[in-house]
């Protein structure tokens, strides 16, 4: 690894948890595993840990590469590394694959110890709150009483926000990027079409396709194609593909006419090869279900009153999936609670996907915010001590 | 029929054409039928005819009802009738089901005389230009040398625009509503997902499902669900459904949680019962292919230079499928050609679907425009005489 800005070669570690976890749905998982990566060094007083939460299709593999594996760069490698906005020379970064996902943590593909068969459709529907609970137990295991920050984009941002609510004393900064306090009706509608694409694929077999030795590939492909459209801005799509044809002329048939069709089919097929269909369903449901103000009669200010952390929120002008207006709802609710809030609205062309891309102003905002967090650490503003049952 | 504003009970008429029609794709249909409805009375000099063009899922049944059939009201009944914006007391209105559609005109479900079997996947891909050609032949048959107006919304608006280009001397006014000079990349992308939903349904059988006695119902359902989301504005969806649950609580499973899911599933299922899958594919391709400036190097002004008609264009502020900006491109290109153009941008909450709904300001604009056309008729501004090979 010749790139001095990379964390270099990394290896995941599997953490097994044998204490049962009670989930929001009412079910209990008797035991579970979490696949984890860490970068940087936890300091002596364990005050420099940053948890990075992933969105729909990502994982614990946030940064670095796997030795001997081409194209294995972590999904947020432009953000996390030595000298990067989240600087691993200063911070100890934790990435964790969420419960129910398909990259090593316990999920629908895992063997249910009670039956000896994959969980499949019987894997419980998990929520953002459940993920935060599992992540807190991981923190216990790592001896981290309090995170310097919890950070995430999109669904990851929901987890960062939920950390502030579930464990107000265990997180000093929440970085909520390209997120929303709850999905809009249209967001739910797109998720529902994606789910219906999967469940109506005959190879889905009610979620127990593992037993049939197949995967609902065409359903997953469609789901990803729909999702992909919502991640990009209309202008960005036009800029990238326009109405450029694949061949010389319209083919007046079912073959690909426009390059964008070819691109979407390819993205869909690639996705269907590595992502688990049951996980797709679970995670879109976790998105739909997230709504901290649900138990405060829709009053977001009241719902966020329990948060004690400081907040950085970032949105992107062309993000029509989780538009800036949605982030501003969180900003306003936090400010109404007199919290310490920094908000940046980045004028970027790339729609929702912008949170994953390298944009100078965006990275400068996140970088300076972490400078501030680092400065607090150096000034030895010790974290509040919390009892942890590690 | 007690409603004095309805055209009352109507009956369609099938017109058979035996002169072959050469299509844009290069293929020729040796003969074809068009299903047609007319309302009002053609005046002595045949100058008061208005052609109403339909969009994706509609038909020749524009207004009125079918005797003995409940819920058989025409798709634009709020616009067309005695005393309505397009007043059948003054105008002779023609509705025609387009070639390739599935409501009686020749299309994939029809028997191919060469084989005795349904055309199925072998039905040629048709274009907006082809439809206009077929409509012009219908006009010949009806003895209409020149339409007072050709009018349509969405894909129907494309046909109205194309009339101005294909037959500049045979149309005096083009009414182009909620339309666009060409689909955006994002528009094409959504159409492509819809098509892939259909073709990946195992019951599609490469388009020859008729022979198997099945229909690709789940594919059609998905296609309609995707389409439906793009027809509504995000705000309108939120207003109508919000995050209202169907039951008392999340069900943490695959059943419907939110009312919007239930609504979309229902709409999709209803659609799959009456619409032909091959037609859906053909018509979305016709949408994708429409691009009058394709042969003028993208120069819309040059492409529209041949139009001689006067134009009314209407767009709706919350239409994100064919946004007002797209209509303004047509307006600007026409004005650059010094054409007579009226443009109204209606502040309406209902997204693309607004063109089908009753909105006082919208209907007032269309109504006054037809007043103007009627006044021209009364002033006996005779249409230009054109040689017609009827």
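Quick note: the coordinates plus some simple rules give every number you see, no bench work behind them. What you see is a predicted model; the values in this text were computed from it and never measured. Virtual Cβ from ideal backbone geometry, glycine too; neighbours counted across all protein chains shown.
Computed quantities for the displayed model
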{"quantity": "Within chain B, helix-based [θ] at 222 nm, where runs of 4 or more DSSP H residues each add -39,500 (n - 2.57), nearest 500", "calculated": "-10500 deg cm²/dmol"}
{"quantity": "Fluctuation leader among A:94, A:366, A:260 - chain A, Gaussian network, Cα springs under 10 angstrom", "calculated": "A:260"}
{"quantity": "Percent antiparallel among DSSP beta bridges (both partners in the protein assembly as shown, rounded to 5)", "calculated": "30 percent"}
{"quantity": "Distances in nm from residue B:18 to the matching label points in the other copies, shortest first (labels 7 Å along Cα to Cβ)", "calculated": "8.9"}
{"quantity": "Alpha carbon centroid spacing (whole Å) that separates region A:29-68 from region B:77-128", "calculated": "59 Å"}
{"quantity": "C-alpha long axis of helix A:259-274 to longest principal axis of chain A, angle in °", "calculated": "60 degrees"}
{"quantity": "Per-residue mean of C-beta atoms belonging to partner chains within 10 Å, peptide B:22-33", "calculated": "1"}
{"quantity": "Global form of region B:158-256, assessed from the alpha-carbon gyration tensor, a/c cut-off 1.5", "calculated": "oblate"}
{"quantity": "Per-residue average of Cβ from other chains inside 10 Å of B:70-80", "calculated": "0"}
{"quantity": "Rg over Rh, two decimals, the protein assembly as shown (C-alpha only, Kirkwood Rh)", "calculated": "1.03"}
{"quantity": "Inter-copy label distances at residue A:169 (7 Å, Cα→Cβ; nm, one decimal)", "calculated": "8.9"}
{"quantity": "Crossing angle, helix A:217-231 versus chain A [Cα axis fit, 0-90 degrees, rounded to tens]", "calculated": "60 degrees"}
{"quantity": "Rg and Dmax of region A:188-337, Cα atoms only, in Å", "calculated": "19.8, 60"}
{"quantity": "Segments A:169-176, A:207-214 sorted - mean Cβ within 10 Å per residue, highest first", "calculated": "A:169-176, A:207-214"}
{"quantity": "Sorted by Cβ density within 10 Å, fewest first, the residues B:368, B:179", "calculated": "B:368, B:179"}
{"quantity": "Packing-based exposure ordering (other Cβ within 10 Å, fewest first) of B:248, A:130, A:77", "calculated": "B:248, A:77, A:130"}
{"quantity": "Per-residue mean of C-beta atoms belonging to partner chains within 10 Å, peptide B:237-247", "calculated": "3"}
{"quantity": "Full-stretch length increase - residue A:301, residue A:5 - with 0.36 nm per residue and alpha-carbon distance subtracted", "calculated": "102.6 nm"}
{"quantity": "Rounded tilt (10° steps) of B:324-336 against the dominant C-alpha axis of chain B", "calculated": "20 degrees"}
{"quantity": "Volume per residue that the Cα convex hull of chain A spans, once the total is divided by residue count, Å³", "calculated": "152 Å³"}
{"quantity": "Sorted by Cβ neighbour density within 10 Å, fewest at the top, the residues A:158, B:225, B:109", "calculated": "B:109, B:225, A:158"}
{"quantity": "Cα centroid separation, region A:164-202 to region B:228-279 (Å)", "calculated": "18 Å"}
{"quantity": "Label geometry 7 Å along the beta-carbon vector: residue A:3 inter-copy distances in nm", "calculated": "6.4"}
{"quantity": "Counting DSSP beta bridges with both ends in chain A, the antiparallel % (nearest 5)", "calculated": "30 percent"}
